[in-house]
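What follows is one structure encoded as structure tokens, with my remarks underneath.
Every read-out reported here was derived from the displayed coordinates using simple, explicitly stated rules and does not represent laboratory data. Computed from a predicted model, the values in this text were never measured in an experiment. Note that each Cβ is placed from the backbone with ideal geometry, even for glycine, and that neighbours are counted across all protein chains shown.
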């Protein structure tokens, strides 16, 4: 639930950060401008700060009403995504849904949201989520789920091997770090 509290706080600050006006870009030369226009799709309109504040307010209210039950958090977050499918906070909400599904031991939602979170580019790997997605896929059964679980298991093994090659994190000694990895 600490993650969800952090999520709410982050989401509350998001409309303020987006509402700020960016600095005007430096004038590029004509060739660079033409190349940029050829490669990039049509520009997206900036989200309305009033709409974002309203969305944030509704999300905060729904999460406050949900209490501490993971099932109620899931319902509130899914309802919010149904109402705001193009939310700027979608990736954070999906990560919160995956964590809540893990707390509720809801394999279908662990798979649905966990795979979305794991597919998104990110700086660090969530080993706990990766492990639970693998287990949920295997529990569901079927050849397709087993293949997907195997791919995630290979990813898990590769990520742990990469961590082994790195330096210990935090204040851990090398021996403690190796023990954690095992």
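Where in region 60-102 does the amide nitrogen come within less than 18 Å of the point 7 Å from the Cα of residue 108, taken along Cα to Cβ?
70-82, 97-102
Between residue 119 and residue 68, what length in nm is gained on full extension when 0.36 nm per residue of separation is reduced by their alpha carbon distance?
15.6 nm
Run the numbers for residue 167 and residue 60: contour at 0.36 nm per residue of separation, minus the present Cα-Cα distance, in nm. Write out the running numbers ahead of the final one.
On the way: separation 107, 0.36 × 107 = 38.52 nm, distance 3.94 nm.
Separation in residues times 0.36 nm, less the Cα-Cα distance, equals 34.6 nm.
Which whole-number percent gives the relative contact order of region 66-135, counting Cα pairs below 8 Å spaced six or more residues apart?
Reported as a whole number, the value is 27 percent.
Can you give the extra length, in nm with one decimal, that the chain gains between residue 51 and residue 160 once fully stretched, where that is 0.36 nm per residue apart less the Cα-Cα distance?
Contour length minus the Cα-Cα distance gives 35.0 nm.
Would you calculate the separation in nanometres between label points at residue 147 and residue 135, each defined as 7 Å from the Cα along the Cα-to-beta-carbon direction?
2.6 nm
When you count, for each residue, the other Cβ atoms within 10 Å and take the mean per peptide, how do 152-158, 50-56, 130-136 rank with the highest first?
130-136, 50-56, 152-158
What is region 105-147 by shape, rounded, prolate or oblate, if you read a ≥ b ≥ c off the alpha carbon gyration tensor as root eigenvalues and call it rounded for a/c under 1.5, prolate for a/b larger than b/c, and oblate otherwise?
prolate
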